[in-house]
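Structure record follows, encoded as structure tokens.
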Amino acid sequence: MNTPLLLLNSLTPSQFLAEYWQKKPLLIKNAIPNFESLLSPEELAGLACEDDVQSRIVEYIKGEWHAHHGPFDDDDFAKLPEKPSKEHNWTLLVQSVNHYLPEASALLQQFDFIPHARLDDLMVSYAPDGGGVGPHFDSYDVFLLQGQGKRIWRISEQSDLTLVEGAPLRILKNFDTAQEWLLEAGDMLYLPPHLAHWGIAVSDGGKDCMTYSIGFRAPKNQELATEFLGFMQDKLNQDQLVLDGIYQDADLTLQLHPAEIGKKMIHTVSENLQKIKWSDEMVSEFLGTYLSDPKPDVVFDANKKIALRAFSEKMTTIGIALDLKSLMLFSDDDFFLNGEMVNFTGESATILKILADNRSIVAEDLKAYPSIDSILLQQLYDWYIAGYLHLIF
Ligand code: SIN
Ligand code: CO
């Protein structure tokens with residue numbers, strides 16, 4: 001778990017976390033030796049043509065930026081300049097490629113030294129020579145892994161983060177290059193949040209630039225508060241949170257204005273509302289269900305219904321794997337899969353922790369647990385039917 005990794009410039013994950021994570025950039029030459037590609041430009045364009053895939057084409061035309069949202073079709077690509085120039089360039093960006101490509105999901109697993117609760121997705125970009133999304137900053141941590149072709153990365157530790165007004169994407173008004181590197185296939189750049197950067201595609205030996213962004217997420221406190229208050233409201237509605245009593249005013253005294261809400265009433269109600277309390281268990285349930293909840297555009301395809309016994313036999317002989325779109329987290333003995341919470345203890349919890357950490361559990365590992373609890377089996381079967389997990393083929 002904590003050995004030096006080529007992926008981290010031969011740092012251990014602990015060293016990386018202590019010295020770089022959320023603090024400063026790190027250039028890693030040859031982070032993944034021989035890495036070139038998980039998919040071809042044509043396959044990436046194919047994904048961008050599918051309905052449920054989030055994709056964008058960013059075009060730069062004579063000093064102005066334009067953003068188009070997918071799904072695209074052949075005509076959209078045909079309209080792009082055949083010979084991109086300094087005046088007219090473009091890039092294609094496809095989000096959540098790990099939802100569609102097992103190899104992409106496997107790539108993300110190399111970043112398991114960061115909790116799954118912080119992981120967002122793998123975005124893949126394609127750009128002809130000179131293309132890119134311009135100078136900008138992101139709010140989140142990112143590892144930029146170079147695929148085929150090359151990319152010049154410029155970074156700047158500037159505090160001036162003023163954006164170009166009216167642009168359809170966030171472009172920095174001023175950019176002062178502090179450092180510049182040329183990344184080749186397999187090289188990687190880690191950037192902490194809010195660090196200004198600018199990537200310019202460089203074609204190499206006829207191959208255009210493809211960059212793989214391993215992106216993280218961190219919920220805004222305001223967003224957490226909004227969602228948590230909604231969660232607490234559900235708890236109140238379901239009587240899982242109870243505030244006893246009723247407003248009382250045996251000490252009521254005559255007020256001058258009958259229409260006035262008296263200070264005493266405000267104070268009493270304020271004191272009563274402050275009796276709303278939450279425990280760490282409630283926060284854990286909130287975080288688990290909220291963070292594992294799929295994004296609105298994610299849909300699961302139900303598996304073909306088979307008998308529970310057949311499922312059980314197949315599972316123990318071939319193993320199970322989470323669907324590429326599934327997210328499974330846990331806290332103590334509470335398990336969260338795609339926004340739902342279940343509780344398992346003992347050996348069942350051990351099995352589910354393997355599934356959550358590795359996103360799969362192979363038949364070999366299941367051999368250590370010859371008598372799987374029937375409630376766990378039923379739960380795995382229900383998730384299988386829902387399409388949240390699959391039998392490994
Ligand atoms: C890209 O791959 O073109 C953009 C990645 C980024 O700057 O965050
Ligand atoms: Co960026």
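Per-structure values
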| quantity | calculated |
| --- | --- |
| From phi via Karplus (6.51, -1.76, 1.60), per-residue ³J(HN,Hα) for segment 90-101 in Hz, x at Gly/Pro | 7, 8, 10, 10, 10, 8, 6, 4, 5, 7, 10, 10 |
| Solvent exposure of segment 221-277 as accessible area per residue, Å², 1.4 Å probe | 89 |
| Cα-centred dipole magnitude for segment 239-306, charges only on beta-carbon of K, R (+1) and D, E (-1), debye, nearest 20 | 160 |
| Calculated diffusion of segment 137-180, Stokes-Einstein form, Kirkwood radius summed over Cα pairs, 20 °C and 1.002 mPa s, µm²/s | 172 |
| Rounded, prolate or oblate (a/c below 1.5 giving rounded, otherwise prolate when a/b exceeds b/c) for segment 308-391 by Cα gyration tensor | rounded |
| Kirkwood hydrodynamic radius over Cα pairs of the chain, then Stokes diffusion coefficient at 25 °C and 0.890 mPa s, in µm²/s | 101 |
| Neighbour net charge for Leu241 - beta-carbon separation under 15 angstrom, K R +1, D E -1 | -3 |
| Relative contact order computed over segment 176-333 (Cα-Cα under 8 Å; 6+ residues apart), in percent | 18 |
| Carbon/sulfur fraction of accessible area - the chain, other protein chains in place, 1.4 Å, % | 53 |
| Candidates Leu26, Leu243, Leu144, ranked by Gaussian network fluctuation over the chain, Cα under 10 Å, top entry | Leu243 |
| Extension gain (nm, one decimal) between Thr345 and Ser331, 0.36 nm per residue minus Cα-Cα | 3.9 nm |
| Karplus (6.51, -1.76, 1.60) ³J(HN,Hα), θ = phi - 60°, over segment 339-356, in Hz, Gly and Pro reported as x | x, 10, 10, 9, 10, 9, 10, x, 4, 4, 5, 4, 4, 5, 5, 5, 4, 5 |
| Most mobile listed residue (Asn30, Asn237, Asn343) in the chain, GNM with C-alpha springs under 10 Å | Asn237 |
| Phi to ³J(HN,Hα) by Karplus 6.51 cos²θ - 1.76 cosθ + 1.60 over segment 10-20, Hz, x for Gly, Pro | 6, 8, 7, x, 4, 5, 4, 4, 5, 9, 10 |
| Whole-number percent relative contact order across segment 308-391, with pairs defined as alpha carbons under 8 Å at least 6 apart | 42 |
| Among Gln379, Gln238, Gln110, residue whose mean-square fluctuation peaks in a GNM of the chain (springs only between Cα atoms under 10 Å) | Gln238 |
| Per residue solvent-accessible surface (Å²) - segment 287-379, probe of 1.4 Å | 52 |
| Solvent-accessible area of Leu93 with every protein chain in place, 1.4 Å probe, in Å² to the nearest 10 | 10 |
| Debye, to nearest 20: dipole size of segment 6-216, +1 on Lys, Arg Cβ, -1 on Asp, Glu Cβ | 760 |
| For segment 82-166, alpha-carbon Rg relative to the globular expectation (2.2 N^0.38 Å, N residues) | 1.29 |
| Net charge dipole size for the chain [Lys, Arg +1 and Asp, Glu -1 on Cβ; Debye, nearest 20] | 580 |
| Heavy-atom surface of segment 6-216, accessible at 1.4 Å and reported per residue (Å²) | 45 |
| Length-normalised contact order for the chain - Cα pairs under 8 Å, 6+ apart - percent | 14 |
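The values are calculated or read from the model by the stated rules, or taken from the named source; none is laboratory data. Because the structure is a prediction, the values reported are computed rather than measured. Positions of Cβ are backbone-derived with ideal geometry, glycine not excepted, and every protein chain shown enters the neighbour counts. Side chains included, ligands, DNA and RNA excluded: accessible areas come from the protein's heavy atoms. Shrake-Rupley method; radii C 1.70, N 1.55, O 1.52, S 1.80 Å.
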